[in-house]
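Heads up, the thing below is written out as structure tokens.
Quick note: the coordinates plus some simple rules give every number you see, no bench work behind them. The model shown is predicted, which means the values in this text are computed figures rather than measured ones. Ideal geometry is used to build each Cβ from the backbone, glycine not excepted, and the neighbour counts take in all protein chains shown.
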Amino acid sequence: MPTIHQQLLNAAVEGDLALVEKLTAQGADINYTDAYGNCAVFSAAWEGNIEALDCYYRLGAVLDLEDTNLLCNSAFNGQKESVRWLLEKGANANFSFAGTGENALHYTICKTSEMEERVEIVRLLIDAGIDVNKRTIKGAVTLCFMRDAFLKAETPLHRAAAYANEAIIKMLIDAGADKSAKDANGDSAISWGSWYLRESHILKLLLYGNVPAIR
């Protein structure tokens, strides 16, 4: 028989808010976290369930989760409404993971799915004052990619050059992203874009200094 705390987490995962409220009234911990780092508020943020976020927050859910940062993980999953909700509740836009140096922009710009949502997430993060030139930690293992992936001291613009659309790249540059910034291998964002065979109109956005013109 699962504990009352595990029952609450199970109810949260299933989106049964009435049961979550009932179990909380009976003494269940809204901040209970299982051995895998799952908790009610993480589930809601990951799924973009704003009704659940409001409910759990009212019941006392803690939003400042270091190892499973809600803002970064919501951004990773393309949940723009969760990102908006967290920022409105005072989430630190400039949080970065101590072990990797990645911030919410890095987490947003590592997938090509939900691109319209990712454009809005980048806009929200920039408006909140996030560091558009934040570097990752060279050699650290990242959870943003599936297997055997190691960071290269890249900035969000490096990732955008590989994975993002024109709108995101323009927003980063307009917000002060350094097109000439080099990763640990000495490569710039246009290098990343070139490796990923991006179209010429994308590469032209990334030109800087003495890089040859693109026709």
Cα-Cα pairs above 17 Å in the stretch 75-215: how many percent? 57 percent
Points 7 angstrom from Cα along the Cβ direction at residue 92 and residue 210: gap in nanometres? 4.1 nm
In whole Å, what is the distance between the alpha-carbon centres of the stretch 96-148 and the stretch 7-31? 31 Å
Can you find, among 5, 151, 119, the residue sitting farthest towards the positive end of the charge dipole of the chain, where Lys and Arg contribute +1 and Asp and Glu -1 at Cβ? 151
Determine the shape class of the stretch 1-62: with a ≥ b ≥ c the square roots of the Cα gyration tensor eigenvalues, call it rounded for a/c under 1.5, and otherwise prolate if a/b is greater than b/c, oblate otherwise. oblate
Just grab the label-to-label distance for residue 38 and residue 185, each label 7 Å out from Cα along the Cβ direction, in nm (one decimal). 3.7 nm
What is the spin-label model distance, in nm, from residue 26 to residue 50 if the labels are put 7 Å beyond Cα along the C-beta direction? 3.2 nm
Top mean-square fluctuation among 160, 35, 75, Gaussian network model of the chain, C-alpha springs under 10 Å? 35
Quick one: grab Rg to one decimal and Dmax as a whole number for the stretch 1-119, Cα atoms only, in Å. 14.4, 44
